[in-house]
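First up is the structure itself, then whatever we jot down about it.
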Amino acid sequence: MRRRPLLLAGLTLPWVAQAQPVWAPTRAIRLVVPFAAGGSTDVAARILAERMGEILGQAVVVENRAGAAGFIGAEAIARSAADGHALLMGTTGLLAIAPHLYATMPFNVERDLTPVSMAFASDLVISVANAVPARTLAELVALARARPGALNYASSGAGTTTHVATELFRLAAGIEITHVVYRGSGAAMNDLLAGSVQIMVDQIAGSIGQIRDGRIRTLAVTGTARHALLPDVPSVAEAGVAGAQASSWGAVMAPSGTPAPAVARLSAAVREAMTQPALRARMAAAGADPAFSTPEELAAFIRAESAKWGGVVREARITVS
């Protein structure tokens, strides 16, 4: 089964027509991951950093700056020197969801950060505990409609991508399910395995082991098509809930004011890295689909994603304390 190429619109435009970048790094580049080491964002960032370092001739060093929903790491980059040597691995939650949840943030996505390139995306999976008497997404929807509010769903935290994506599914399916908040996906998954909660929407990378072991039952993937890691699992559109389509993604950002030649060179380095078969295979094995874009395409993509998730936050009345 061939996996669709994950490129943003417009990437077929000839790169040779663009001005050739003349900037080159003069020292190691810092790539901040605003989350703890070992997660899917961290793994993808480290795979990319290794290859970018080879392409640029300077090490790209991943630095984990976790805390405050990713704000600590993002603010660190937003306040860094805008010289091309400081980068952020931004994510859906940080760049497109958080601005709609928090009245005040220590940085402004559009004002303080500059898009460089998309890096990866990961489909999510809608899974249920094995004790749930639903073998298809349609059966789960029917069960939830028959028992409004009786089924619980787990998320890795209020306002996280898994929370907001589940609310998108709930709204698209027209069902009522009850949110149970956890501190991290590990604790949420443990309770799904135990049957304490019935439903969980999670990144493929976080669920694939339990799925393959038969410890949970996955009913749909949230991408536009079936995923290569789960070829027997239908997409949400195939399963009858097309409005639940979503992905968790990562994008390389730089401090606002970073010179255009530096942004162009860094973006080209991401593009070159992402076309390498070995890198693509490593990312795919980690549950991430490699992606790249021009800075302009990424800016438009973030605006579109922000509008989408902002609508979900408002319609579902999602709040964070």
Quiz prompt | DSSP beta bridge pairing in the stretch 123-244, given as percent antiparallel to the nearest 5 | solution = 60 percent
Exercise. Rank the residues 123, 289 as a footprinting-exposure proxy: fewest other Cβ atoms within 10 Å of their Cβ go first.
Key: 289, 123
Quiz prompt | Share, in percent, of DSSP beta bridges within the chain that are antiparallel, nearest 5 | solution = 65 percent
Quiz prompt | Interchain or long-range residues, amide H under 5 Å from residue 82's placed H | solution = none
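In which sequence would 179, 85 go, from the one with the fewest C-beta neighbours within 10 Å to the one with the most? Numbers along the way, then the final one.
Details: 179 16, 85 20.
Ascending Cβ contact count within 10 Å gives the list 179, 85.
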Practice problem: With θ set to phi - 60°, apply the Karplus curve 6.51 cos²θ - 1.76 cosθ + 1.60 along the stretch 152-158 and write out the HN-Hα couplings as whole Hz, x wherever there is a Gly or Pro. | Solution: 9, 10, 9, 9, 7, x, 5
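Give the whole-number value, in cubic angstrom per residue, of the convex hull volume spanned by the C-alpha atoms of the stretch 123-244. Write down the numbers at each step before the final one.
Details: hull volume 10.5 nm³, N = 122.
Convex hull of Cα atoms, per residue: 86 Å³.
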Exercise. Among 88, 140, 279, rank each residue by its count of other Cβ atoms within 10 Å, from fewest to most, as a rough exposure measure.
Key: 279, 140, 88
Exercise. Taking amide H positions as placed in the peptide plane 1.01 Å from N, state which residues far from residue 152 in sequence (5 or more) or on other chains have amide H under 5 Å from it.
Key: 178, 198, 199
Quiz item: To the nearest 10 degrees, how steep is helix 40-56 against the longest Cα principal axis of the chain, on a 0 to 90 scale?
Solution: 20 degrees
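Net charge near residue 148: determine it from the other residues with C-beta under 12 Å of the C-beta of residue 148, scoring Lys and Arg +1 and Asp and Glu -1.
Details: positive: 145, 147, 170; negative: 176.
Result for the neighbourhood of residue 148: +2.
The numbers here are math on the coordinates, done by the rules we state, and not lab data. Predicted model only: the values in this text are computed from it and were never measured. Cβ: placed from backbone, ideal geometry, glycine included. Neighbour counts: every protein chain shown.
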